[in-house]
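S.K.: My questions all concern the structure below.
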Amino acid sequence: MPHRRLVTVVGARPQFVKAAMVSRALARAGIAERVIHSGQHYDAAMSQVFFEELDVPRPDYDLGVGSGSHAAQTGRIMERLEEVLRSFRGPLAIQVYGDTNTTLAGAIVAAKLGHPIVHVEAGLRSFNRAMPEEINRIVTDRLSTLLCCPTENAVRHLASEGMVEGVHLTGDVMYDATRHFAARADERVDLERLIPFAPGEYVVATVHRAENTDDAPTLKRIFAGLGRLGVPVVMPLHPRTRARLGDFVPPETVLMIDPLGYLAMLKLLSHAQAVFTDSGGLQKEAFWLQVPCVTLRRETEWTETLAGGWNQLVGSDPAAIREAYQGITDAGKAPRHAFFAGPTESASNAVARHIGDLLRG
């Protein structure tokens, strides 16, 4: 029987960053892959720029699904992905990343067609099933053959749910990306061209999760809290957030800018006093770049970042947002705590090694 061929399904900004590192490791290991872009993120600033600046392999297929409700978007991805996968000859393995609608759709289609599934960033849990991402994680993990876990906590979560076969602690491929691209960002990106503030004179904020953007009072509370900080707030505006703002006028201290590429975002983040975000990825990047983080949620799947107060959970309460920032400026930066004790090889190389074993098996 011929070896399986690898098909990678991506569709959202964080997945392009992860793929940038894993695809490099796969190439070094002599493993070819076909890349399918769902089109979940279709704006050039959220998609095309990542392929250009991170040297991510150009997708062999673009499903072009665009935006829509969770059901509509996931359904369109499934329908179009199934058609493409059925056109391939020979046995396949399907690789998915993270916790998006693209992740879920890829896993369901692969399982229905009988293909083994590789889930990179498996085992994360916020334990809040009101989050669509939590549902995506749980279902994808349950369907996957090879589960690549970024942390020891992720391995424990899977074990508590009865999943031990095919589970591997690989480390976090986003750590590889941050380490690899931070120096490039510092060299290539001019902060003065991005914002009218000097390093250390501003904070960064991002808001994109449905729990914050789809409820007008919640979104307004977050902006009210940011407006009370007494420091310039730079907010790269996610398309969903822009659409939800409507006629709302944000506080004068909040500078809303267009979405940034990965390198520009790394540069902006690394020189900020702090970051206020509901993004899982930014929580980690802030931790690794030693920038204090305030998470605009009541829970996090990245509990390791909470050690020593490096990351604080405040939800959308304006007073809590202000208090968290005051604690940062009063106490100074929290000490850095070890996040990645465990695998000594890079996470991307570990993922590629396990994929190689799966393809040959």
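S.K.: Which is touching a Gly at 6+ places or on another chain (Cβ under 6 Å) and open to solvent by 20 Å² or more (accessible area, probe 1.4 Å), of Glu53, Glu82? Explain how you work it out, then say what you get.
M.R.: On the way: Glu82 fails: touching a Gly at 6+ places or on another chain (Cβ under 6 Å).
Only one candidate passes the filter, namely Glu53.
S.K.: Tell me which of these Val9 doesn't satisfy, since it passes every other one: (1) at pLDDT 95 or above; (2) open to solvent by 30 Å² or more (accessible area, probe 1.4 Å).
M.R.: Only one criterion is unmet by Val9, namely (2).
S.K.: Of all the residues that make up the stretch 154-180, how many are farther than 21 Å from Ile117 by Cα and among the polar types (S, T, N, Q)?
M.R.: 1
S.K.: Exactly one of these conditions fails for Leu229: (1) open to solvent by 40 Å² or more (accessible area, probe 1.4 Å); (2) touching a helix residue (DSSP H, G or I) at 6+ places or on another chain (Cβ under 7 Å); (3) not in a helix (DSSP H, G or I). Give me its number.
M.R.: Failing condition for Leu229: (1).
S.K.: Now, a different point. Got at least one residue in the stretch 89-101 being open to solvent by 30 Å² or more (accessible area, probe 1.4 Å), more than 24 Å from Ser348 (Cβ to Cβ) and at pLDDT 95 or above?
M.R.: Scanning the stretch 89-101 turns up no residue that is open to solvent by 30 Å² or more (accessible area, probe 1.4 Å), more than 24 Å from Ser348 (Cβ to Cβ) and at pLDDT 95 or above.
S.K.: Of the residues Arg322, Arg353, which is farther than 25 Å from Gly98 by Cβ, modelled with pLDDT of 95 or more, open to solvent by 70 Å² or more (accessible area, probe 1.4 Å) and outside any loop (DSSP other than H, G, I, E, B)? Spell out how you get there, then give the answer.
M.R.: Details: Arg353 fails: farther than 25 Å from Gly98 by Cβ.
Arg322 is the lone residue from the list that is farther than 25 Å from Gly98 by Cβ, modelled with pLDDT of 95 or more, open to solvent by 70 Å² or more (accessible area, probe 1.4 Å) and outside any loop (DSSP other than H, G, I, E, B).
S.K.: Taking the stretch 137-150 on its own, how many of its residues are open to solvent by less than 10 Å² (accessible area, probe 1.4 Å) and either aromatic (Phe, Trp, Tyr) or part of a helix (DSSP H, G or I) (or both)?
M.R.: Going through the stretch 137-150 one residue at a time, the tally reaches 3.
The values are calculated or read from the model by the stated rules, or taken from the named source; none is laboratory data. Here the structure is a predicted model, which is why all the values come from computation and not from measurement. Glycine gets a Cβ as well: all are built from the backbone with ideal geometry, and neighbour counts include every protein chain shown. Remember, those area values only see protein heavy atoms, side chains included, never the ligands or the DNA or RNA. Shrake-Rupley method; radii C 1.70, N 1.55, O 1.52, S 1.80 Å.
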